[in-house]
Amino acid sequence: GACIIACLLISSFAEADAIYDNGGPDASSYGSNSSVELSLDPDWTSFDDFALDEGSNVITDIHWWGNYYVYYSEQLADGFQVHIYEDMNGAPDLDSGALYTIDGSSATRTDTGLDASGDADSPVFAYDLFIDPITLDADVSYWLAITNGFYWYWQTSENQVSSYQVVGNNFPGDIATLKDELDVREYDLAF
């Protein structure tokens, strides 16, 4: 299955290697709300953890799946933001803020042919984002947060472990004030 994929530069040629796979979309639910939009009160942000292996710790692209509360048309303009947080005692380190914040507005969107929870009005999409290389420490836990400026759900993964979600306003600006509001979710997120 597709996953978070990084293109590792090997000699002068770029070859795509999967460096982390958190599982593809299970489409059995609508997913985990991860919407940061002015008209929403409050905002929702979902987080899932990952660690990279030595020699496979350079991220050049990120791939994930999700769906919308209401999908209007191909004209819908996403406002994705991707955040990478350090780990603090098995949870995202909200006190320190995001280690990286990545503009995800150039992410491409492709209909997978799946429908969230069997709802034909809620197609599941695959998103692909290519970024400037980010090198993370190997064998260290990090937390990925992906938000959209539209009412959007991050699809749950086929892997059933756990993730976090927080509800509150002004993400990511006031996120440290919400650290006690992090709620464990009994599912992984698809990336």
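The set of residues from region 19-39 being assigned to a loop (DSSP other than H, G, I, E, B) and open to solvent by 30 Å² or more (accessible area, probe 1.4 Å) comprises D21, D26, S28, S29, Y30, V36, E37, L38, S39. Going by what's in this entry, would D93 be described as over 19 Å from N22 (Cα atoms) and open to solvent by less than 70 Å² (accessible area, probe 1.4 Å)? Judged against the criteria, D93 is a match. Scoring F125 on the criteria (1) of a type in the set (A, V, I, L, M, F, W, C); (2) assigned to a strand (DSSP E or B); (3) over 28 Å from A77 (Cβ atoms) leaves a single failure, condition (3).
Of all the residues in region 171-191, those that are in contact with a Ser or Thr (Cβ under 9 Å, 6 or more places away or on another chain), of a type in the set (G, A, S) and part of a loop (DSSP other than H, G, I, E, B) number 1. All conditions in (1) open to solvent by 20 Å² or more (accessible area, probe 1.4 Å); (2) at pLDDT 95 or above; (3) assigned to a strand (DSSP E or B) hold for H83, with the sole exception of (1). Answer yes if at least one residue in region 100-112 is in a loop (DSSP other than H, G, I, E, B) and open to solvent by less than 40 Å² (accessible area, probe 1.4 Å), and no otherwise. Yes, region 100-112 contains at least one residue that is in a loop (DSSP other than H, G, I, E, B) and open to solvent by less than 40 Å² (accessible area, probe 1.4 Å). Answer yes or no as to whether D61 is in contact with a Phe, Trp or Tyr (Cβ under 9 Å, 6 or more places away or on another chain), open to solvent by 40 Å² or more (accessible area, probe 1.4 Å), in contact (Cβ under 8 Å) with a residue 24 or more places away in the chain and part of a strand (DSSP E or B). So D61 fails the test.
The values are calculated or read from the model by the stated rules, or taken from the named source; none is laboratory data. A quick note: this is a predicted structure, and the numbers were derived from the prediction, not measured. Quick reminder, even Gly has a Cβ in these numbers, built from the backbone with ideal geometry, and neighbours come from all protein chains shown. The accessibility values were calculated without ligands, DNA or RNA, using every heavy atom of the protein model including side chains. Shrake-Rupley method; radii C 1.70, N 1.55, O 1.52, S 1.80 Å.
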